[in-house]
Amino acid sequence: MTVPQGKGMSSAAGGRRKRVLVTGGAGYIGSHVVRQLGEQGYEVLVYDNLSTGNDWAVLMGELVVGDLADSDQLRTVMDNFRPDAVIHFAAFIEVGESVRNPLKYFRNNSANALNLLESCRKCGVGALIFSSTAAVYGIPRENPVCEEAPLAPINPYGASKAMTERFLADLAFADDGFRYVSLRYFNVASADPQGRIGQAYRNPTHLITRALKTALGLFPRLEIFGTDYPTPDGTCVRDYIHVEDLAAAHLAALSHLFGGGSSDVFNCGYGQGYSVREVVKAVKEVTGIDFPVVESPRREGDPPVLIAANEKILRGLSWRPLYDDLRLIIQGAWDWEKTYLEKMRN
Ligand code: UFG
């Protein structure tokens, strides 16, 4: 697929477009970043095993179906494509599942990340953006939590990502030719404003998606997991970020590294929290549907409050949020859920 040539994307040396290999680029967040990369004139190759991603979600560049566990295939793909940078999304993402099946998370999220880093070094890739998570903080002592806070994950998902951050820091320390940016995502939601891509998990667990699917009648009721947390209304508080803003943070991080910037770690959130009850109320208002809600016990591995301190990313990268509004986020997710339902029926 040919994409338009963007400004400033050619290398100083040869004038060719910068090449970016995106692992997990057929997934929810990855596919939005791939779309933005293509729109900005990067040459993109997606490496994805399609375990949770979808081929139709890759709107730009080329898709190679492959697994990070397959070092030989990965190496061949890298040798042929010769990326200037890698953006690494491919990972499992469910906190609850990670508590029940920790080895699955350490294998895929940590061990496979090592395979990727080894391939990067063998192929001379010197820039990597890592899809990290606020779950590395565990239960932060302070909220909003800043990047310098201790990493103390309380579930295997967060631990598997914290481990990869450690690999990256140690590699960058040892090797002057390797730089990285870790982006610690808070709660990502919503969809492409043009409705082409969005969350398409077979068994979604995230709050906004579950609530919208309940509004559509796909689930009989929404469960609120825990109403006895030490928060104003007893339910967990999270910082919800629009996937378009999050995707833009990756392009800003890439520009930072291509511009010679040093390795760094940034929170990706808006610095404002909403409780589960507030989100449910907003979903009911946006959809106009009063779906059934029940109160259930706490879900294992959930910290009570996670809100991003975002001064560092606002200062350190050329990034400004454009969709910082819970109702706008929910509206975009709602439009997508209806489109996706039609897509699945046809
Ligand atoms: N929740 C419900 N009912 C549901 C689903 C979720 O009450 O049906 C609650 C959860 O218990 C939690 C809150 O809604 O309190 C948010 O849960 P999500 O599953 O939507 O998201 P998480 O906070 O568990 O995790 C997400 C990402 C992680 C990231 C984390 C950072 O999946 O990758 O946000 O905040 F680390």
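The values are calculated or read from the model by the stated rules, or taken from the named source; none is laboratory data. None of these values were measured; they are calculated from a predicted model. Because the Cβ atoms are built from the backbone with ideal geometry, glycine has one as well, and the counts that use them run over all protein chains shown. When the accessible area is computed, the model is the full protein with side chains, heavy atoms only, and any ligands, DNA or RNA have been set aside. Shrake-Rupley method; radii C 1.70, N 1.55, O 1.52, S 1.80 Å.
Against the chain, whose longest principal axis is taken from its Cα atoms, helix 326-345 shows a tilt of about 80°. What's the angle, to the nearest 10 degrees (0 to 90), between helix 112-122's Cα axis and the longest principal axis of the chain? It works out to around 20 degrees. Sequence-distant contacts, meaning Cα pairs under 8 Å at least 6 residues apart, place the relative contact order of the range 215-346 at 37 percent. Lysines near Lys104 by alpha-carbon distance under 18 Å, same-chain residues fewer than 8 away left out - which ones? Cα-Cα hits under 18 Å: Lys161. Over the range 83-238, calculate the relative contact order: mean separation of alpha carbon pairs under 8 Å at least 6 apart, over the residue count, as a percent. Rounded, it is 21 percent for the range 83-238. Listed by chain and number, the lysines whose C-alpha is less than 16 Å from the C-alpha of Lys281, apart from same-chain residues fewer than 8 away, are Lys213. Amide hydrogen proximity for Val237: with H placed 1.01 Å from N in the peptide plane, the residues at 5 or more positions away or on another chain lying under 5 Å are Val305, Leu306.
Summing charges over neighbours of Gly53, with a neighbour being any other residue whose Cβ is under 13 Å away from its Cβ, gives -2 when K and R count +1 and D and E count -1. Within the accessible area of the chain, the carbon and sulfur atoms contribute 50%, probe 1.4 Å, all protein chains present.
Per residue, the average separation of C-alpha pairs within less than 8 Å and at least 6 apart gives the chain a relative contact order of 17 percent.
The longest stretch of the chain left intact once loop-based trypsin sites (Lys or Arg not before Pro) with at most 16 other Cβ atoms within 10 Å are removed from consideration, loops following DSSP, is 17-140.
Amide H contacts of Val145: Ile307, Ala308, Ala309, each under 5 Å away and 5 or more positions distant or on a separate chain (H built 1.01 Å from N in the peptide plane; Pro and chain starts excluded). Computed about the Cα centre, the dipole magnitude for the chain is approximately 380 debye when only Lys and Arg (+1) and Asp and Glu (-1) carry charge, each at its Cβ.
Bridging of Lys18 to aspartates and glutamates at a Cα separation below 14 Å is possible for Glu39, Glu43, Asp84, once same-chain residues fewer than 8 apart are set aside.
A simple count of charges around Thr214, restricted to other residues whose Cβ falls under 15 Å of its Cβ and scoring Lys, Arg +1 and Asp, Glu -1, yields +2. Amide H contacts of Leu222: Val293, Val294, each under 5 Å away and 5 or more positions distant or on a separate chain (H built 1.01 Å from N in the peptide plane; Pro and chain starts excluded).
For helix 71-81, what angle does its Cα long axis make with the longest principal axis of the chain, in degrees from 0 to 90 and rounded to 10? That helix lies at roughly 60 degrees to the long axis. Per residue, the chain exposes an accessible area of 42 Å² to a 1.4 Å probe, with every protein chain left in place. Which one of Val77, Gly66, Ser51 has its Cα pushed farthest toward the positive end of the charge dipole of the range 39-97, where Lys and Arg give +1 and Asp and Glu give -1 at the Cβ? Farthest towards the positive pole: Val77. Placing +1 on the Cβ of every Lys and Arg and -1 on the Cβ of every Asp and Glu, with nothing else charged, gives the range 111-233 a dipole about its Cα centre of roughly 520 debye. Working note: Debye formula, equal point scatterers on the alpha-carbon atoms of the range 48-201, no solvent; log10 I(q)/I(0) at q = 0.12 Å⁻¹ is -0.56.
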